[in-house]
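Quick note: the coordinates plus some simple rules give every number you see, no bench work behind them. A quick note: this is a predicted structure, and the numbers were derived from the prediction, not measured. Here Cβ is always computed from backbone atoms with ideal geometry, including for glycine, and neighbour counts include all displayed protein chains.
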Amino acid sequence: MKEITAFPRLRLAQLPTPLHRLPNISAMTGLNVYIKRDDMTGLGLGGNKVRKLEFLLAAALEQGCDVVLTTGGAQSNHAMLTAACCNRLGLSCILVLKKRGVWTRQGNQLLDDLLGAEVRFVDTDDYGQVYAQMEEICQELRQQGHKPCCIPVGGSVGLGALGYALCVEEILAQTAAMHVQLDHMICCAGSGGTMAGIVLGALLYAPQLKVTGIAIEPDDFASIVARLVNEAAALLESPLHIQPQDLHLYDCYGEGYAIPSPEGNAAIRTMARKEGLILDPVYTGKTFAGFLELCEKGYFAPGSNVLFLHSGGAGGLFALGEQVLRGRL
């Protein structure tokens, strides 16, 4: 099997990110709850996507690319962090985003502008149309003598998932130093790549660790994540192969993607008022809400060691704050 270190990787994130216990949430739930602070990766407002971009942008540079295109919703954390990483590397960045939700200059749109990214909106809900538009832009760029690189939504491909397999190694080193063996890890399932990397990392390095993804939008994450795990394992020439039914997923998306939910907003308040930490209404708030619901359902044995991945996303709070606060929090 190939080592992950055999793949080209840039050092963009400030690693390791902190990992510590949440004493008040632990007391509230009867568990030993820890948090992995991947909202503190160091670029932009931080977030999980930097770990993926270390691999994806290394590949782009190896191929001689000088312009990076990626996509997402108007408030995409991945898009914002791609622009930030491109600035660090001296690459041009074009963000081809869905014209949905809050697309005025608030939240991550304000950050995209500050970062100097070129933003182009596509008025559609269909990523097939978005990718077709990205290919048209790439053709124009090639005619102008550029070599573009397209990164899919969320950076969710097998190569990007390797960043979170490495994150599991990082977590195990930190918990070993604390004399803690984790039983569970809770993460967001938003485009699938982060969960896929964590599942792969657990299979490789911590088979006792049960990974549960909280789905924050209505999508077939079992199939998506399984495909990405297998794609990443194939890159490593590993015999690992999983089926969708091997995964643990829990739905907590409310009315849909990027629509603040009462449960997610209550979870944001709980984390803020119990631990002084800030979650967001699109990803981490709903993920933490799903964790709290699982606690109520008896999903975890009393006293279990549970790690919650804080994947970032603060920009979305400043775009959707009025919806969060208006009678819902």
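For the peptides 306-319, 4-17, 227-240, 25-38, the ranking by packing is 306-319, 25-38, 227-240, 4-17, with the highest mean count of neighbouring Cβ atoms within 10 Å listed first. Each Lys and Arg contributes +1 and each Asp and Glu -1, all at the Cβ; summed about the Cα centre of region 44-139, the dipole is approximately 360 debye. Against the main long axis of the alpha-carbon atoms of the chain, helix 221-235 sits at an angle near 70°. Between the Cα long axis of helix 314-325 and the first principal axis of the chain there is an angle of about 60°, rounded to the nearest 10.
Between the helical axis of 77-89 and the longest alpha-carbon principal axis of the chain there is an angle of about 60 degrees.
Within the straight-line cut-off of under 19 Å between alpha carbons, the aspartates and glutamates reachable from LYS36 are GLU54, GLU169, GLU170, ASP183, GLU275, ASP280, sequence neighbours fewer than 8 places apart in one chain being disregarded. Among the cysteines of the chain, those whose beta-carbon sits 4.7 Å or more from every other cysteine beta-carbon are CYS85, CYS138, CYS150, CYS167, CYS187, CYS188, CYS252, CYS295. Its relative contact order, with pairs defined as Cα atoms under 8 Å and 6+ residues apart, puts the chain at 21 percent. Its relative contact order, with pairs defined as Cα atoms under 8 Å and 6+ residues apart, puts region 71-167 at 30 percent. Would region 49-154 count as rounded, prolate or oblate if I go by the C-alpha gyration tensor, calling it rounded below 1.5 in a/c and otherwise prolate when a/b exceeds b/c, oblate otherwise? It comes out oblate by the Cα gyration axes. Descending by average beta-carbon neighbour count within 10 Å, the peptides 208-214, 174-180 line up as 208-214, 174-180, the highest first.
The charge dipole of the chain, taken about the Cα centre with unit charges on the Cβ atoms of Lys, Arg (+1) and Asp, Glu (-1), comes to about 740 debye, rounded to the nearest 20.
With a threshold of 29 Å on the Cα-Cα distance, the over-threshold entries among LYS49/LYS210; LYS2/LYS286; LYS49/LYS297; LYS147/LYS286; LYS99/LYS210; LYS49/LYS98 are LYS2/LYS286; LYS49/LYS297; LYS147/LYS286; LYS99/LYS210. When a/c is below 1.5 the answer is rounded, else prolate if a/b is larger than b/c, else oblate, so apply that to the chain with a ≥ b ≥ c taken from the square roots of the Cα gyration tensor eigenvalues. Taking the square roots of the gyration eigenvalues as a ≥ b ≥ c, the chain is oblate. Peptides 82-88, 58-64 ordered by packing proxy, namely the average of other Cβ atoms within 10 Å per residue, highest first: 82-88, 58-64.
Charging the Cβ of each Asp and Glu at -1 and of each Lys and Arg at +1, and nothing else, the dipole of region 8-167 about its Cα centre rounds to 580 debye.
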